[in-house]
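What follows is a single structure, written as structure tokens, with notes after it.
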Amino acid sequence: MRIFDTTLRDGEQTPGVTVTPEQKIQVAAKLDELGIDAIEAGFPIVSQGEMHAIKSIAKQGLKAEICGLARTIEADIDAALRCDLKYVHTFIATSDIHMQYKLKMNRDQVLAKAIKAVEYAKKHGLQVEFSAEDATRSDRAFLLKVFNAVKEAGADRLDIPDTVGYATPHYVADLVREVSDSTRLPVSVHCHDDFGLAVANSISGINAGAACAHVTINGLGERAGNASLEEFVMALQCLYQKTHGIKTELLYETSKFVSNTMGIIVQPNKAIIGENAFGHESGIHTHGVLSNPLTYEPISPELVGRKRWLQAGKHAGAHGIRAMLEEFGIKPTDDQLKIIVEKQKNIADKGKAITTADLLSISGEVMGNSQFEEKFKLYDFHILTGMNLIPTAVVRLNADGKDFIASEIGVGPVDAALKAIQKISGEMANIKIREYRLDSISGGSDALAEVTVKVEDKNGNVVSARKAGEDVVVASVQAMMDAINKVLLRKVLYSR
Ligand code: KIV
Ligand code: ZN
């Protein structure tokens, strides 16, 4: 099965997303590493920057075929040629609603334009994939007439776009069969997610004989997006035993990379790549998963480059909490465990999310072991920031029983505050920030900010911590403190 990725074209058409040419080149390299067969690198005619990016991608020597989008217009095809592309994806709408209101052309004019463009692209030596935009809402007889005509004009591949996600899996299957039987050309499906059916429709198309699906990382794309590559590939592999060239263990990493680059957060409950896809809190589920992961995990998280994680909280049970503590080498007795579970449930009942540091501190209290306590305790911090001022932070904290004060300047208030904390933690444990991420959870100037900080100590222990709050600097400082405490505890407790 062939995977055609359009993250850099349809994905970039996600409202609010634009990426620089350099970022496009980086994403293309990641897609190639993932094992994509064909990458739609962009729409050459739209801008000089786009053309520069596509041209650069085309000369990277990637294994994937590199393609560019073009309307059935000679200027668009010329733009693709100027990018040194060997492969063009050309399209024109074939539905009555598009022809009448958008193109203002009749059927004969559309047919003639499609043929002319395909002939022109073939004359210039391009591989041509032809899309009949809004195919699923097009008159079937006219659609087949267009597809057969472009085949005669030399098209190598045909694509059936479900442009507004209006088709059902049955309809897609039927259409794929009819187009394949009638034209005998390799057929692709390009499904949008307006009704949440993009992946189901793409699978249905493949099962009906389509040779290829157009997909995007994280399901990015116009409006509700396109079929998500991760869901599509894993469903076909695991539920339909289809083969493909994707290195599934790179799926999560690639998804994160694209999310960070394009600035679009993946919803936590998204299949395969969402944060919660392999997280368990409820006692019944954690117990099951710890006895045999297949009880509540349809696939192993490692298959898609992920790790299972357990969450403390009011639904958590003794098995899950014991497993979480074991990660730190802590082994409470059954009685102690019972009290720990109760205590953390009482805190969770008050609406507080239980962090690992909270759980360890409760365990320390119950087991009478101060080693489980947080090593770093923040007293307070002050920030000086504004226009024509160098952002400066002063942080006061207690580290391992000793009081410290440190000041630092930075490119902004967060940078200054985290540098001041690192100045102290650096002396104690040589801790470095590996990753810092800031996401906005809700809109408006009072939006909740969610900060994720990943730190590494000198022994290569990596942990991450997350904090949400209205104040970006406070959330960043708290996440940093949590991450340092976690990594220090891991070190202390494991070396006992
Ligand atoms: O959704 C669509 O119809 C498209 C075309 C350009 C193929 O993206
Ligand atoms: Zn599309």
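The values are calculated or read from the model by the stated rules, or taken from the named source; none is laboratory data. Since the structure is predicted, the reported quantities are computational estimates derived from the model, not experimental observations. Quick reminder, even Gly has a Cβ in these numbers, built from the backbone with ideal geometry, and neighbours come from all protein chains shown.
(1) assigned to a loop (DSSP other than H, G, I, E, B); (2) charged (D, E, K, R); (3) more than 23 Å from the chain's Cα centre (by Cα): which one isn't true of LYS55, the others all being true?
Failed condition: (1).
Which one is nearest to ligand 1 (Cβ to nearest atom), of the residues in segment 7-44 that are under 17 Å from ALA70 (Cβ atoms) and part of a loop (DSSP other than H, G, I, E, B)?
Among those residues, the one meeting the criterion is ASP10.
Which of the numbered conditions does ILE36 fail, given that it passes all the others? Conditions: (1) away from ligand 2 (no atom under 16 Å from the Cβ); (2) surrounded by 18 or more Cβ atoms within 10 Å (Cβ to Cβ); (3) free of Cβ contacts under 8 Å to residues at least 40 places away in the same chain.
All conditions pass for ILE36, except number (3).
Among all residue pairs at least 6 apart or on different chains, which show Cβ distances below 7 Å where the first residue, located in segment 353-376, is within 14 Å of ASN485 (Cα to Cα) and the second is of a type in the set (Asp, Glu) and not in a loop (DSSP other than H, G, I, E, B)?
As it stands, the answer is THR355/ASP482; ALA357/ASP482, since those pairs meet every condition given.
When residues of segment 197-225 are filtered for being in a loop (DSSP other than H, G, I, E, B), surrounded by fewer than 24 Cβ atoms within 10 Å (Cβ to Cβ) and more than 15 Å from ligand 2 (Cβ to nearest atom), how many remain?
3
Of everything in segment 322-348, what is in a helix (DSSP H, G or I), among the charged types (D, E, K, R) and either surrounded by 16 or more Cβ atoms within 10 Å (Cβ to Cβ) or at pLDDT below 90 (or both)? Give them in sequence order.
ARG322, GLU326, LYS343, LYS345
Using beta carbons and a limit of 9 Å, which pairs, at least six apart or on different chains, have the first residue in segment 481-496 and modelled with pLDDT under 80 and the second one among the basic types (Lys, Arg)?
Between residues of segment 481-496 that are modelled with pLDDT under 80 and residues that are among the basic types (Lys, Arg), the close pairs are LEU489/LYS375; VAL492/LYS375.
Can you go through ASN398, ASN430, ASN461 and tell me which one is of a type outside the set (Ser, Thr, Tyr), touching an Asp or Glu at 6+ places or on another chain (Cβ under 8 Å) and closer than 26 Å to PHE372 by Cβ?
Every option except ASN430 fails the conditions.
Here are some conditions: (1) over 21 Å from HIS190 (Cβ atoms); (2) of a type outside the set (Gly, Ala, Ser); (3) in contact (Cβ under 8 Å) with a residue 40 or more places away in the chain. VAL17 meets all but one. Which one does it not meet?
Of (1) over 21 Å from HIS190 (Cβ atoms); (2) of a type outside the set (Gly, Ala, Ser); (3) in contact (Cβ under 8 Å) with a residue 40 or more places away in the chain, only one is false for VAL17: (1).
List the number of the failed condition for GLY165; all other conditions in (1) in a loop (DSSP other than H, G, I, E, B); (2) without any contact (Cβ under 8 Å) to a residue 24 or more places away in the chain hold.
(2)
Out of GLY368, GLY351, which single residue is farther than 26 Å from GLY401 by Cα and either of a type in the set (Gly, Ala, Ser) or touching a strand residue (DSSP E or B) at 6+ places or on another chain (Cβ under 6 Å) (or both)?
It is GLY351.
Need the failing condition index for VAL146 against (1) more than 28 Å from the chain's Cα centre (by Cα); (2) within 16 Å of ligand 2 (Cβ to nearest atom), just the number.
It fails just one condition, (2).
With the structure loaded, tell me whether SER407 is over 30 Å from ILE340 (Cβ atoms), modelled with pLDDT of 90 or more and of a type in the set (Ser, Thr, Tyr) or whether it fails that test.
For SER407, the condition - over 30 Å from ILE340 (Cβ atoms), modelled with pLDDT of 90 or more and of a type in the set (Ser, Thr, Tyr) - is met.
Of the residues THR243, THR286, which is over 26 Å from PHE195 (Cα atoms) and surrounded by fewer than 16 Cβ atoms within 10 Å (Cβ to Cβ)?
Only one candidate passes the filter, namely THR243.
Could you please find all residues in segment 180-196 being away from ligand 2 (no atom under 14 Å from the Cβ) and of a type outside the set (Lys, Arg)?
If the condition is that a residue be away from ligand 2 (no atom under 14 Å from the Cβ) and of a type outside the set (Lys, Arg), then SER180, ASP181, SER182, THR183, LEU185, PRO186, VAL187, PHE195, GLY196 are the ones that fit.
Can you pull out every residue in segment 123-150 that is surrounded by fewer than 18 Cβ atoms within 10 Å (Cβ to Cβ) and in a helix (DSSP H, G or I)?
LYS123, ARG140, ALA141, PHE142, LYS145, ASN148, ALA149
Could you check HIS89 against (1) within 16 Å of ligand 2 (Cβ to nearest atom); (2) surrounded by fewer than 22 Cβ atoms within 10 Å (Cβ to Cβ); (3) touching a residue at least 12 places away in the same chain (Cβ under 8 Å); (4) not hydrophobic (A, V, I, L, M, F, W, C) and say which number it fails?
Result: HIS89 fails condition (2) only.
Going by the conditions given, is SER182 surrounded by fewer than 18 Cβ atoms within 10 Å (Cβ to Cβ), touching a helix residue (DSSP H, G or I) at 6+ places or on another chain (Cβ under 6 Å) and among the hydroxyl-bearing types (Ser, Thr, Tyr)?
Judged against the criteria, SER182 is a match.
Can you tell me which of VAL233, VAL266 is under 28 Å from GLN127 (Cβ atoms) and either β-branched (Val, Ile, Thr) or part of a helix (DSSP H, G or I) (or both)?
Only one candidate passes the filter, namely VAL233.
Considering only segment 78-99, state which residues are under 28 Å from GLY165 (Cβ atoms) and either part of a helix (DSSP H, G or I) or modelled with pLDDT under 95 (or both).
Scanning segment 78-99 gives ALA80, ASP96, ILE97, HIS98, MET99.
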